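What follows is a single structure, written as structure tokens, with notes after it.
Rule-based calculations on the coordinates, nothing more; no lab input. In this text the structure is predicted, and so the values were computed from the model without any measurement. Heads up, the Cβs are rebuilt from the backbone with ideal geometry, glycines too, and the neighbour counts pull from every protein chain shown.
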Amino acid sequence: MHWQRPRRARLRYTIVLEPEEDEVGGYAVSVPALPGCFSQGRTVDEALAHIREAIALHVGALRRDGERFPPDVTPIVAAVEVEPAEPQPVDATLFVDLDADEVPAGSLPG
């Protein structure tokens, strides 16, 4: 009988493929079940090849770290209609923690 290497379980994840609207073009691709796992490609086929590699590396790191593989999720894609809102003024105050010994005398107002 011939020895055969055991087959690894194959994982299946839903991906989101979006055309990039910049001057370069191409496609951005992400994996909703794996936050931080994304890639891109000039063509759909290239983007798919790149995301397969990114997923394999991502789940390989999870395996190495002893973490479980997240279950796949199915994103809900919907269109909504909105009316643009008027920009609102931002009222912001910046607080800086200074050590008084490090501030040269006379450098602060007031």
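Values for this structure:
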| item | result |
| --- | --- |
| Against the rule of thumb 2.2 N^0.38 Å, how large the Cα Rg of segment 9-96 comes out | 1.52 |
| Mean Cβ neighbour count within 10 Å, used as a protection proxy, ranking 31-39, 56-64, 71-79 highest first | 31-39, 56-64, 71-79 |
